Amino acid sequence: MMDFVRQHLLLLLSIAGLVLSFLASVTEASARRPSARFTAVALTLALVVAVVYQISAFNRQTAERQIEQAAQRARDGIIGQINLTVRETSVTVSAIAAQLSATPLGQVATALVTVRTSHAAGFEETLAFAKGSPAMWRHYADWLESLDGSGQAPSLSLTLNANHHYDPGLLLAYLLTGPATRSRLESVIGHPDRWHDFDAESLFASNLEAPAGPVQWVLFYDGALNRLAGFAEATAFTSELMVFLRLGEHSAIEQLLNRSGDDVMAALAQRFPSVGSAVFDTSRPSVLVEKMIARQIPLAVSAAGPLPHIVRLERMIQSATGER
C-alpha cells in the first residue's frame with residue numbers, strides 16, 4: 001500500500017485536490033441555495049471529467065516512461081557487455097580496428113533489403129501508403145514470402161519529410177504482415193475505416209510465434225536530404241506503435257510521421273525509443289568500430305554501397321577478439 005502511495009503520490013495528490021475543491025464548491029452552492037441540484041450535478045460531472053483526465057494523462061506518461069526505461073536498460077546492457085569483453089581480452093580500440101582492417105562488411109554486418117531495393121514488380125511506395133492501395137500491400141506480402149533467407153534482413157522503408165502520407169494503422173498492418181497473418185489482414189487492408197481500430201494485438205502475438213518476424217527492421221529516409229537518416233528494430237518499433245495507438249494517440253503519431261522540417265528524425269527518435277540515428281556513410285568495419293566505441297553506440301547502419309547494413313558493435317568486437 002505504501003509503495004503504491006510513494007509511486008503514485010503526484011496522481012493521488014491531484015485527485016485529492018480535485019475532490020476537496022469539489023466538496024467545497026458543493027457545500028458553498030448548497031449553503032446559498034439548498035435546492036441547487038443542477039449546480040451539484042454540473043460540479044459532479046466536472047469532477048469526474050477532471051479525475052478521468054488526470055488518470056489518462058498519468059497512464060500515458062507512465063507508458064511512455066516505461067518504454068524509454070526498457071530501451072535504456074537494453075542499451076546499457078549491451079554496452080556493459082562490450083566493455084567487459086574489451087577489459088577481459090585486454091585489447092585497445094586501435095587494435096580492434098586493426099584486426100578488422102581487411103574484414104569485408106558482409107562478414108560482420110547484415111544486409112537490409114526492402115521491397116523497393118529489390119525492385120519488386122508492381123510495387124510503388126507512394127501508392128502503398130498515401131492511398132493505402134490493397135494491390136500495393138499484396139505486392140509487398142508476395143515479396144516477403146518470396147525471400148529465401150539468404151543472409152539479408154527483410155526491412156520496411158519509409159520516406160519522411162517528402163510530402164508522403166502515412167496512416168499509423170496502415171503502417172501497423174504492414175509491420176504485422178507475414179505468412180501467419182496475411183489471411184487475417186486481407187479483410188483489413190481493403191477497408192480504410194478499419195486501419196484505425198483492427199485487432200492488431202492478436203495479430204502481433206501470432207506474428208511473434210516464429211523465432212523472428214518476417215520484417216526485421218524499419219528504415220527511415222529523409223526525403224528532403226535524399227538519404228537514410230534512421231532505423232529501428234521492427235519488433236520494438238511495432239510494440240511502441242501499438243502502445244501509442246492503444247492510448248488514443250493515433251492523430252498525434254500521424255502528425256509526427258507526416259511532419260516536415262529539419263527536426264523530423266529528432267522528433268521521431270524522441271517519441272520512439274527504438275529509433276536510432278547512428279547512420280554512417282562508410283562500409284569499412286575498422287572505421288565503424290572506432291566510431292561506435294567512441295560514441296558508445298551498440299547499433300548502427302552503414303549506408304554505403306548498394307544496400308544498407310545493420311552493424312552490431314558486439315559482433316565486430318567478437319570477430320576482432322576471437323570471442324564467440
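At least 2 residues that are more than 21 Å from the chain's Cα centre (by Cα) in each: list the helices (runs of 4 or more DSSP H) lying fully within the stretch 254-324 that qualify.
Working: elements: 264-271, 285-295, 313-321.
Per the criteria, 285-295, 313-321.
For the stretch 129-153, give me each residue that is touching a residue at least 40 places away in the same chain (Cβ under 8 Å) and in contact with a helix residue (DSSP H, G or I) (Cβ under 6 Å, 6 or more places away or on another chain).
G132, P134, W137, A141
In the stretch 275-318, how many residues are within 12 Å of G106 (Cα to Cα) and hydroxyl-bearing (S, T, Y)?
The number of residues fulfilling the criteria is 2.
Is the stretch 229-241 home to any residue that is closer than 24 Å to S118 by Cβ, surrounded by fewer than 16 Cβ atoms within 10 Å (Cβ to Cβ) and in contact (Cβ under 8 Å) with a residue 60 or more places away in the chain?
Looking through the stretch 229-241, none of the residues is closer than 24 Å to S118 by Cβ, surrounded by fewer than 16 Cβ atoms within 10 Å (Cβ to Cβ) and in contact (Cβ under 8 Å) with a residue 60 or more places away in the chain.
Please work out if R259 is of a type in the set (K, R) and closer than 30 Å to H196 by Cα.
Details: of a type in the set (K, R): yes; closer than 30 Å to H196 by Cα: yes.
Here the answer is yes, as R259 does meet what is asked.
Of the numbered conditions (1) at pLDDT below 90; (2) exposed (fewer than 15 other Cβ atoms within 10 Å of the Cβ); (3) among the acidic types (D, E), D281 satisfies every one except a single condition; which is it?
Going through the list (1) at pLDDT below 90; (2) exposed (fewer than 15 other Cβ atoms within 10 Å of the Cβ); (3) among the acidic types (D, E), D281 breaks only (1).
Please return the ranges of helices (runs of 4 or more DSSP H) entirely within the stretch 111-225 where 2 or more residues are in the same structural domain as D262 (by TED's automatic domain parsing), over 25 Å from M265 (Cβ atoms) and modelled with pLDDT under 85.
On the way: elements: 125-130, 134-146, 168-176, 182-189, 200-207.
Here the list reads 200-207.
The values are calculated or read from the model by the stated rules, or taken from the named source; none is laboratory data. On a predicted model such as this, the values are computed, not experimentally measured, just so you know. Ideal geometry is used to build each Cβ from the backbone, glycine not excepted, and the neighbour counts take in all protein chains shown.
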